[in-house]
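In what follows, a single structure is set out as structure tokens and then discussed.
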Amino acid sequence: MERITPELLQKYLQGKCTPEENDLVNTWYDSFETSADDIRLLDIQQHELLRKKMMQQIKNNLNEADQFPEDEKKHDHDNSTRWLFFKVAAAISVLAVIGIGILYKDRKAADVPANLQATIATVVNKTQSILRQDLSDGTTVWLKPSSSIEYPTTFSKASRFIQLKGEAFFDVAREENRPFIVTTGNVTTKVLGTSFNIKAYNDASTIEVSVMTGKVAVQMKPTDTRDSSSVLLTPNERVTYVKSENRLLKEAPIQLPELSMWQVTTIVYENVPVDRVLRMLEEKYNVTIQVKNENLKNCLLRADFTNQNLADILEMLSRSIEATYELKDDTIYLDGTGCVKEDTTTKSN
């Protein structure tokens with residue numbers, strides 16, 4: 001059978017297939033002789049549309065079975081029951097692979113029929129700081145500036161799909177029977193429970209996946225002339241997808257600077273000047289922190305940062321001294337009103 005591609009499934013969902021293409025998709029549906037990779041490469045909206053169409057097809061099959069003449073049903077009851085059982089079982093297995101349940105009503109698909117419009121949750125980081133997002137399964141995502149994710153707020157029972165644009169760090173809650181799958185352009189990243197960073201900006205020539213803990217499988221989208229290839233990453237390994245060459249390049253285990261800020265630490269401060277705190281953070285995480293207002297250095301900090309990464313520490317520190325921070329390239333800028341320096345001199349009469 002001719003290969004089913006994501007592009008063909010998208011045309012099918014939009015009702016733009018030729019009669020021959022419709023027959024091809026329907027034949028695929030009947031046989032289900034396809035890889036799960038074909039489905040996983042669809043975006044979140046397309047997953048939901050395909051799920052709804054497949055569900056409708058299941059209902060149609062059941063209705064057709066109910067319309068059989070009574071004598072025909074009795075004549076070959078066993079065979080027809082067996083046929084219907086396998087038909088529905090196959091359909092359910094595909095729905096499990098699709099793995100997208102009811103989605104939030106945050107945004108609608110633009111170019112699909114109204115009765116099939118999918119709804120998804122979208123988070124966009126329009127700030128210059130790091131945005132933390134906690135998902136329903138216990139996973140935490142830290143979004144870098146100008147980055148976004150799309151996901152169902154309640155994941156399906158079969159899998160957890162999320163779509164990323166830009167850069168984010170994921171700390172995935174472990175579930176043995178429900179993989180966590182991130183799609184970024186032509187690259188799909190699949191894990192069960194681990195922490196990793198993905199950098200996938202649209203205007204960049206590469207997509208990078210770096211692993212801090214656990215194991216991560218990274219797969220490349222197949223093409224008409226080349227099957228999909230995949231690599232398995234372990235801690236401190238990185239793979240780079242080169243868009244122009246359509247290939248994955250795996251690096252040997254090294255110290256990855258993009259992971260340094262996600263290392264957790266425990267630090268307790270008791271009325272310590274902010275300037276001293278910032279110097280300690282620079283040394284710990286190998287970053288540069290600059291203050292825009294020198295009065296910030298006069299503030300005293302009393303805080304307990306237990307098992308926190310740099311992003312969370314910066315957020316809590318900023319709130320403590322009524323400041324804000326921005327991340328630009330590899331430099332962190334802290335800004336705010338600051339504090340008046342205490343006068344330690346004693347006036348004599």
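Can you classify region 258-321 as rounded, prolate or oblate using the Cα gyration tensor, where a ≥ b ≥ c are the square roots of its eigenvalues, rounded means a/c under 1.5, and otherwise it's prolate if a/b beats b/c and oblate if not? Taking the square roots of the gyration eigenvalues as a ≥ b ≥ c, region 258-321 is oblate.
A crude spin-label estimate for the pair R132 and K243, with each label 7 Å from Cα along the Cβ direction, gives 3.2 nm.
Only beta bridges with both residues in region 263-336 are counted; by DSSP, about 75 percent of them are antiparallel.
Counted residue by residue at 0.36 nm each, then reduced by the alpha carbon distance between them, the extension gain from E294 to I267 reaches 7.4 nm.
If you keep only loop residues by DSSP, which GluC sites (Glu not before Pro) in region 124-184 have at most 11 other Cβ atoms within 10 Å of their Cβ? Those satisfying the criteria are E176. Our coupling estimate for region 160-175, obtained by passing each phi through the Karplus curve with A = 6.51, B = -1.76, C = 1.60 and θ = phi - 60°, is 10, 9, 8, 10, 10, 10, x, 10, 7, 10, 10, 10, 8, 5, 6, 9 Hz, Gly and Pro reported as x. Restriction of the GluC sites (Glu not before Pro) in region 181-248 to DSSP coil positions whose beta-carbon has at most 14 other beta-carbons within 10 angstrom yields E245.
A short reminder: the numbers here are calculations on the coordinates, not readings from a lab. Computed from a prediction, not measured in an experiment: that's the story for all the values here. Quick reminder, even Gly has a Cβ in these numbers, built from the backbone with ideal geometry, and neighbours come from all protein chains shown.
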